[in-house]
Every structure is written in C-alpha cells, then in structure tokens.
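Written out below as structure tokens is the structure these notes cover.
The values are calculated or read from the model by the stated rules, or taken from the named source; none is laboratory data. Small disclaimer: the values here were computed from a predicted structure and weren't measured. Here the Cβ positions follow ideal geometry from the backbone for every residue, glycine too, while neighbour counts run over all protein chains shown.
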C-alpha cells in the first residue's frame, strides 16, 4: 500500500500558526520518517511548491518516506490525482487528506482515502499493535523443573553413548 499524503493538510493539523513553516515541515517529515520506518509503510508526502521555479517535481527520499514538492503551477492536489490516475493499481493507493473534494475525486478513481484524523488514529493503532507484538516476543521463557529433568536425562544418555565410542 502506498500512502499519498497532502503535506500542508497534515502540517496544519499539527501546527496552527504560519510562523517558521520550514521548521514545521521538518518536524512533520521527521515524524513521518520514523513512523514509516517503524511500521514498514510507504509514504509520499506532497507539498505545494508555491515559489518553485522548476518544471518538474522536486523529490527527496529517506527510507520509506519520499518528500515531493510539486513543480511550478501544479498543486499538491493535482499531483496526487495525477499519481492515482496514472497508477495501474489505484486501489493500492490511500490518499490522506481532509480536503473533501480531493478525497471525492480520488475515490472516483478507485483509490482509498483517509482523513488526517483517521490517518493519525491508524498510525497510533499500528504502533500499539507493533509494541504489543514486540512485548509478546520478548516474554521470557522459563523452563519447568520437569522439562529440565527431561533434558538432563537426554544429555546424560547422549554422553554415555559417546563414551561407548571412545
């Protein structure tokens, strides 16, 4: 599953001020890098490039997170819809946005959608499941007295068999 995330939609969910937008973007990127890595999920975080002069999208990739700044004249919404439209398997794409129009259009192209709130809940649930699984795998194994006696007897028999060959 590929998750196409409406970058500023997610960013403004966490931060309500326009101050220091670069710092806010960096924090969101770091959080998603960690989540993608820990949960083995593939994220594409798409931002509008308001002041971008390039005619192609600018991309950077760290592990399972690809950060994409759209080219000049293209919105993040348009980029996301283009990716869904061009996909051979749109049902394997989940568009993450709270923009109802974008979600509606993505669904019409057979992509799955999640609101930002649902996506955050999904990540938290996945993390909880992952933590439980790790804790279950870390449970300490303790042998019973009976099992220790059984293993000791097997060991002694093997030892005796080996002495017979000396």
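For a quick check of your reading: which strands (runs of 3 or more DSSP E) sit entirely within the stretch 48-166 and have at least 2 residues that are farther than 23 Å from residue 1 by Cβ and either modelled with pLDDT under 90 or under 19 Å from the mean Cα position of the chain (by Cα) (or both)?
Working: elements: 58-62, 65-69, 93-96, 112-114.
Answer list for the stretch 48-166: none.
Inside the stretch 1-42, can you point out the residues that are buried (at least 20 other Cβ atoms within 10 Å of the Cβ), in a strand (DSSP E or B) and either modelled with pLDDT under 80 or within 10 Å of the chain's Cα centre (by Cα) (or both)? Listed by number, the list holds a single entry, 3.
Within the stretch 49-74, residues that are on the phi > 0 side of the Ramachandran plot reach partners that are surrounded by 11 or more Cβ atoms within 10 Å (Cβ to Cβ) and at pLDDT 90 or above with beta carbons closer than 7 Å, at six or more positions or on different chains, in the pairs 63/33; 63/36; 63/37. Which of the residues spanning the stretch 105-119 are more than 15 Å from residue 83 (Cα to Cα) and touching a strand residue (DSSP E or B) at 6+ places or on another chain (Cβ under 9 Å)? Residues satisfying the conditions are 114, 115, 116, 118, 119.
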